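Just so it is clear, none of the values below were taken in a lab; they were calculated from the coordinates. Quick caveat, the model's predicted, so the values are computed rather than measured. As a convention, Cβ positions derive from the backbone with ideal geometry for all residues, glycine included, and neighbour counts pool all protein chains shown.
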Amino acid sequence: MKNLVASAFLVLASQPLCAETIRLDWLERQVEPPPVLSNLAGDPADLGLAGARLSVTDIATTGKFLKIDWDLHETVVSPADDFLTAAKKTLAEGAKVLIVRAPAADLLALADLPEAKGALIFNTSAPDQRLRDEDCRANVLHAIPSLAMRTDALAQMLLKKGWGHLALITGPQPEDRAFADALKASLTKFGLSLAGEKDWPLTSDMRRSGAAEVPLFTQDLRDHDVLLVADERGDFARYIPFNTWLPRPVAGSEGLSAKGWTEVVEDYGAAQLQDRFRVAANRPMQDEDFAAWVAVAAISDARTRAGKADPATLRSFLLSDKARIAAFLGQPVSFRPWDGQMRQPIPLVTDRAVVAMAPLEGFLHAENELDTLGTDRPETLCKAFGATP
Amino acid sequence: MIRALLLSTLLATPALADEIWVTNESDDTVSVIDVATLAVKATYPTGERPRGITFSRDFKKLYICASDSDAVEVMDPETGAILHDLPSGEDPEQFVLAPDDKLLYIANENDAVTTVVDTQSRKVVAQIDVGVEPEGMGISPDGKVQVTTSETTNMAHWIDTTTHQIVANSLVDSRPRHAEFSPDGAELWVSAEIGGTVTVFDAATQTEKGKIAFEIPGIRPEKIQPVGMLFSPDRTKVFVALGPANHVAVIDAKTFTVERYLMVGRRVWHLALSPDGTKLFTTNGVSGDVTVIDVAALEPLATIKVGRFPWGAAARPTPN
């Protein structure tokens, strides 16, 4: 060990000579899980956090050789407690780089705290478009894909398959509406058309009556190639496939879906990450786990390459074209300098397999094909990053 | 060193039935390519997910990393029969055989460990803690230094083969995949798949001598992902497989400048030279084939269909 340390100094003479401890903060706003029809298991209690924990273990190996200690502080705020009070306390204790799982409103309130001005916040859970557009904040980077990235990925797939006529069922929740809006915008962007649309009104228990209710409900939709469903909480959509009036595939929140990560992603070395996660967390890795994992990986990469770990250095490295972060998706991921969104390939998946990876072949872009997914520089409404005219 | 051995074998026997052996990761087979006819002359079953592949110095034994079988298999290349397994640790991905033919250094991708196995006693001699997801495995021509690179830790770990201790760690760009010593042992080359670069180290001091980046007109920088590397027979060039960029770069081994890019099949990962040094074979995973390149002309000669997702390649001169 002595030998190792001595040689490490020789090799990495540019690194600081004394051990460096870098504090990372996990900050989570717990919410009451919304009621859903199914009685099957809901979100795991350590969703997201398990990804951050694993990633800290991963980067600790680089840290060990570079004499950097990564120190993860975990603050989980229960639904009954005040989020901002906890956030202020964390910031006062010295939190500078925060990996956050919180709804959009809480995330924004955190970012706008005077104490958070010089901090760097990673959003690992809120897909809301407004956080990347009019409500973007210079101190917030997004490791979770925006809704538009996911719906653009889906639209590319539909276009590529020649399934140009779609029908859409939208659930009653605000996030269903937001997903449906993003879907419609993506259909327009890629020249696809919506043949019919209905809101999901039923309150009956689909577990028993799906076979009776869904055919009738879908009977009057105009003919379509694929039935899209917006049900982001996973409430009713699971009862739709194979119960439709016409024999049509289902996509969107159910059936073929576009997500930042799911347990079926296995190529490009992803199987190793999935295995490590399963051993560490005793469950499969979900999109929010991956977002937290990749946020921590990006921080470590920025520290290693830029040589410093203050928020400003990390931020400017991550927003530069020098950032090439390994994320098991077949090509490096990086952050868009106009809105802080991480650009990444989006897996299009069923429950059992990756059907395709977006961007699909043939969707071209002048600079980076990943920017065919989500809000590109000319379309952004974000002004806080100073990267737009 | 290996090459010197190959050449001397060749001088003794005409190159009539030289072979290139390729592991097919998704088919659980190896394909045997006849170098003279450029046809697949045999396909043998292996354990699950074969990746790393190398021959013993006398070419009488073939070692195969059967990753999902958690074993290194030893095959008789005359018959294709699996003779026995070597204890390998979990999920062996890639390995390198010491020049004395005795010790095999195995990267255990899932365990962050390099396992050292004695090929004769079939016993594990040492396990060395390295970074997360070790893969690239190189050994100095004198056998004194083994280098393991770890994909997620982004480092090359220099291991003293006498003590089996890490003596130095060098940071490289993201996702290092392959480590290759120059034939004279003076340099270590490490490819970084996601970083898109190759770093050249002075092997004696472990200091960086140079870093090579790639640029191919019409191909996105993020598609350029260097993996396998091989020195040309005359040691003046280094071939670098560029993954989904579907090209092999030809680098001047002295100046570190890229001389040329050769188009090959899709997602090119590893490389092998024919024993006479005239042909380069590349494993193209996605297109499921092998491209043959004329080393003198630097032109592709042929494409050979093999199994699904060819991964590694190794050459065997067959004495007749």
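Structure summary
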read-out	value
Cβ-based net charge around B:A204, under 15 Å, with every Lys or Arg adding one and every Asp or Glu removing one	-4
FRET efficiency, 1/(1 + (r/R0)^6) with R0 35 Å, evaluated for A:V36 and A:D310 via beta carbons	0.25
Exceeding the 31 Å Cα-Cα cut-off - candidates B:K211/B:K279; B:K223/B:K279; A:K64/A:K259	A:K64/A:K259
Point-charge dipole on Cβ atoms (K/R +1, D/E -1) for chain B, about Cα centre, debye to 20	680 debye
Rounded if a/c under 1.5, otherwise prolate or oblate - region B:208-320, Cα gyration tensor axes	oblate
Among A:T61, B:V240, B:Y44 - extreme Cα towards positive end, dipole of the protein assembly as shown, charges at beta-carbon	B:V240
Residues of region B:242-278 with amide N under 18 Å of a point placed 7 Å along Cα→Cβ from B:D184	B:251-257
Residues A:Q173 and A:A212, FRET efficiency given R0 of 30 Å [Cβ-Cβ distance, rounded to 0.05]	0.80
Sorted peptide list for A:327-340, A:77-90, A:256-269, A:144-157, criterion being average Cβ within 10 angstrom, highest first	A:144-157, A:327-340, A:256-269, A:77-90
Ellipticity estimate at 222 nm from DSSP helix runs (n ≥ 4, -39,500 (n - 2.57)) divided over chain A, nearest 500	-10500 deg cm²/dmol
Gyration tensor (alpha-carbon) shape descriptor, the protein assembly as shown, a/c threshold 1.5	prolate
Two-site FRET efficiency, A:R352 against B:A17, from Cβ-Cβ distance with R₀ of 45 Å, rounded to 0.05	0.50
Among B:263-275, A:162-174, the order from most to least packed when residues are scored by Cβ within 10 Å on average	B:263-275, A:162-174
Net charge dipole size for the protein assembly as shown [Lys, Arg +1 and Asp, Glu -1 on Cβ; Debye, nearest 20]	960 debye
Candidates B:A71, B:A42, B:A245, ranked by Gaussian network fluctuation over chain B, Cα under 10 Å, top entry	B:A42
Mean residue ellipticity (222 nm) of chain B, computed from DSSP H runs ≥ 4 via -39,500 (n - 2.57), nearest 500	-1000 deg cm²/dmol
Rule-of-thumb Rg ratio for chain B [Cα; 2.2 N^0.38 Å; N residues]	0.90
For residues of A:325-334, the mean tally of beta carbons on other chains within 10 Å	6
Spacing of the two label points (7 Å from each Cα toward its C-beta) at A:R23 and B:K211, in nm	3.1 nm
Region B:2-316, relative contact order in percent, only Cα pairs under 8 angstrom and at least six apart counted	13 percent
Difference of contour (0.36 nm per residue) and Cα-Cα distance, A:H73 to A:L113	12.4 nm
Which listed pairs, of B:K60/B:K254; B:K144/B:K237; A:K322/B:K237; B:K61/B:K305, have C-alpha distances above 31 Å, in listed order	B:K60/B:K254
Rounded if a/c under 1.5, otherwise prolate or oblate - region A:257-389, Cα gyration tensor axes	oblate
